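Peer 1: Quick one: the structure is below, questions incoming.
The values are calculated or read from the model by the stated rules, or taken from the named source; none is laboratory data. As the structure is a computational prediction, the values presented were derived from the model and not from experiment. Backbone-built Cβ (ideal geometry, glycine too); neighbour counts: all protein chains shown. Quick note on the areas: whole protein, heavy atoms, side chains included, nothing else; ligands and nucleic acids left out. Shrake-Rupley method; radii C 1.70, N 1.55, O 1.52, S 1.80 Å.
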Amino acid sequence: MRRRDDVLLVDGYNMIGAWPMLSKLSDIDLEDARDRLLEMLADYQGFTGIKVIVVFDAHQVPGAGKTFKQHRITVVFTKEKETADACIERLASELRLRSRDIHVATSDMAEQAVTFGQGALRKSARELLIEIQQNRKAIERKVEQSSGVRNELDGNLSMDVRMKLERMRRGQM
């Protein structure tokens, strides 16, 4: 059973590289791939209630790093000389003291082993993508079940438009 105080730490670039649709998109425009990942994870957070923190590796970029909210999820760009793996390990350790369950999504086997050793639950990129796809189907079924009864206009909208409107309703845009 998932609880509202559970946290999912996501290695952002690892997901982009592992998910075929994002990998292709990143070849064209990396920023678009990041934005699409964040949209998908925002839907995941909204559906599951798990707090999502996405970490992007910026260790080769000068600066202090930054943390901000986008689509109601926390986005972290690591500081100079800090890898995403090191940041995720630090966050997992800090959050473990305050939260019930910490999940770490990465397909980096070394990272999985380290975070698992700290008590975090591991999730591969493939497992997270499957969960997201299953959640989207569940949302679509729920929207379709209620669409004919309450709102005739809703039945004429595509699923993508409905999903965008739902994100707007949640304040994620």
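Peer 1: How much of the accessible area of the stretch 8-95, probe 1.4 Å, is carbon plus sulfur, in whole percent?
Peer 2: Details: 2040 of 4050 Å².
Of all accessible area on the stretch 8-95, carbon and sulfur atoms account for 50 percent.
Peer 1: May I ask you to order 74-87, 7-20, 125-138, 158-171 by the average number of other C-beta atoms within 10 Å around their residues, highest value first?
Peer 2: Ranking the peptides 74-87, 7-20, 125-138, 158-171 by packing returns 7-20, 74-87, 125-138, 158-171.
Peer 1: Using the Cβ atoms and a cut-off under 14 Å, what net charge is assigned to the surroundings of Leu25, where Lys and Arg are +1 and Asp and Glu are -1? Let's see the in-between values first.
Peer 2: Working: positive: Lys24, Arg34, Arg36; negative: Asp27, Asp29, Glu31, Asp32, Asp35, Glu39.
Neighbourhood net charge equals -3.
Peer 1: Now a separate question. Give me the one-decimal nm value for the distance between modelled label points at Glu131 and Lys66, 7 Å along each residue's Cα-to-Cβ direction.
Peer 2: 2.8 nm
Peer 1: Over the stretch 28-87, with the other protein chains present, what is the accessible area per residue in square angstrom, probe 1.4 angstrom?
Peer 2: Here the per-residue accessible area is 49 Å².
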